Amino acid sequence: PGEELHIHFDYNGQVYEQGTMERLQGHWMRMVEQILSTPNVEVEKLELLTAEEREELLVTFNDTAVALPEEATVHGLFEQQA
């Protein structure tokens, strides 16, 4: 216990990519900052993702709309894929 908290991140660079570990570090720091600013916060209220990551997951990755002909059938589309 004291005025400061020091966290050191080590990882195996042959197993994990640097960008992945930097993102993990950012998530960790984001949660610590939330806990420090609101000590009584409930765990389920903590936000792991940044606004940009949340947008990417919920909007960008889900932008899968495809125009299909009205006469298309499920089995016909399946046959085209196969």
Query raised in the report: For LEU48, all conditions in the list (1) surrounded by fewer than 10 Cβ atoms within 10 Å (Cβ to Cβ); (2) in contact (Cβ under 8 Å) with a residue 12 or more places away in the chain hold save one; what is the number of the exception?
Result: (1)
Query raised in the report: All but one of (1) at pLDDT below 90; (2) surrounded by 11 or more Cβ atoms within 10 Å (Cβ to Cβ) hold for ARG23; which doesn't?
Result: (1)
Query raised in the report: Wholly within the chain, which helices (runs of 4 or more DSSP H) include no fewer than the required count, namely at least 3 residues that are under 25 Å from the mean Cα position of the chain (by Cα) and among the β-branched types (Val, Ile, Thr)?
Result: 18-37
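The values are calculated or read from the model by the stated rules, or taken from the named source; none is laboratory data. Please read all numbers here as calculations on a predicted model, not as lab measurements. Cβ sites come from the backbone with ideal geometry, for glycine too, and all protein chains shown count toward neighbours.
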